[in-house]
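The values are calculated or read from the model by the stated rules, or taken from the named source; none is laboratory data. Fair warning: this is a prediction, and the values are worked out from it, not measured in the lab. The protein model used for the area step is the full one, side chains on, heavy atoms only, and it has no ligands, DNA or RNA in it. Shrake-Rupley method; radii C 1.70, N 1.55, O 1.52, S 1.80 Å.
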Amino acid sequence: MNDGANRQAKRSARERLQAERERERKKDKRRRTLVVATAVVGVLALAAVVGLIAANAGKGGKDTAGPVAVPSGAAGKDALAIPTGSSEAKSTLTVWEDFRCPACKSFEVNYKDTIHELEAKGLLKGEYHLVTLIDGNMGGSGSLKAANAAACAQDAGKFTEYHDVLFQNQPEETDDAYGSNAKLIELAGKVEGLDTPAFRECVEKGTHNSWVAKSHEAFRAGDFRGTPTIQLNGKDLFADQANPITPQKLKEQVEAAAKGTATTGGGKASASPSASASSGASASASPGSRAKGSGSGTGSGSGTGG
């Protein structure tokens, strides 16, 4: 009897211990998820706070002179947006990015999988606008040339894949590695079927440079203050810092929109889709590299987007 009671007691103790360990494991998982989500928002917000300003910088000069060659399939006002996902999706994610911007990379690293999943399900369509803030602030031409190369990838039907490769391999903000066409062509080798003579010629000639410059001018002309500027159905995803957006919340909002269910989250967007360089611009709460002033609005999330 005593042996049986002892075994039962030991078994009960083990079961209690296992149950306690499972509770702790779940608590740790929730804690890690919260920490990661908070860190992402913090990084993006900090990038907005410390963004530097360079008035009258970022103009492309002779590199952006000449006729505007619109990438294949570009859409939106003045055909300045590269579309992704299903055109029938009820939700639209509008993204203004610079391939040299660390805060843009932080956004892409943490939200990419969720965005791709929603696009694959036909629930989300993207509108990507490419800008050149960091070139003006840090010097160099990597923002311009990377954006042109991405537009060349769009011509080949490979924008999303190459876009992701550029952010995955983003150099340090002070390193103008993307100012090298050879580097951009090298990275095209990571996307199946992209490194073709047509793509190389497009990159080397800067075929879409003037289009990129026009996109950047649209960015300057509006009321947004930095990159990345991310809107879901016209609302700034990062406006409400008291209720930070997470990939899971983004997914829930898109799924709710597909079902016609109202959700809360995200702040009201500024009237014009751009991080403004004009002195009278109202500040969007979008995190990232800031741009304001009377010049070409070149800001940066220096050291904060890794």
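Database remark: amide H of residue 224 closer than 5 angstrom to the amide H of 274, 275, 276 (H placed geometrically; neighbours at sequence offset of 5 or more, or on other chains; Pro and chain starts carry no H). Can you grab the distance from the C-alpha centre of the stretch 190-241 to the C-alpha centre of the stretch 106-174, Å, no decimals? Between the Cα centres of the stretch 190-241 and the stretch 106-174 lies a distance of 7 Å.
Accessible area per residue for the stretch 87-145 is 30 Å², calculated with a 1.4 Å probe on protein heavy atoms, without ligands, DNA or RNA.
Residues in the stretch 88-98 carry Karplus couplings, in order, of 8, 4, 7, 10, 10, 9, 9, 10, 10, 9, 10 Hz; the curve used is 6.51 cos²θ - 1.76 cosθ + 1.60 with θ = phi - 60°, and Gly or Pro positions show x. Scalar couplings 3J(HN,Hα) for the stretch 123-130, obtained by applying the Karplus form with A = 6.51, B = -1.76, C = 1.60 to θ = phi - 60°, are 9, 9, 10, x, 10, 9, 10, 9 Hz; x denotes Gly and Pro.
Taking the protein heavy atoms of the stretch 167-217 in the context of the full set of protein chains, the accessible area attributed to carbon and sulfur is 44 percent at 1.4 Å.
At the listed q of 0.20 Å⁻¹, the Debye profile of the stretch 73-202, built from one uniform point per Cα, gives log10 I(q)/I(0) equal to -1.21.
Summarising the amide proton neighbourhood of residue 85: residues at separation of 5 or more, or on other chains, whose placed amide H is nearer than 5 Å comprise 126. Each residue of the stretch 169-185 was assigned a 3J(HN,Hα) from its phi angle through the Karplus expression (A = 6.51, B = -1.76, C = 1.60, θ = phi - 60°), giving 10, 4, x, 4, 4, 7, 9, 8, 4, 6, x, 9, 4, 4, 5, 5, 5 Hz with x at Gly and Pro. Pairs from the list 145/214; 77/112; 112/158; 77/259; 77/205 with a Cα-Cα gap above 19 Å: 77/112; 77/259; 77/205.
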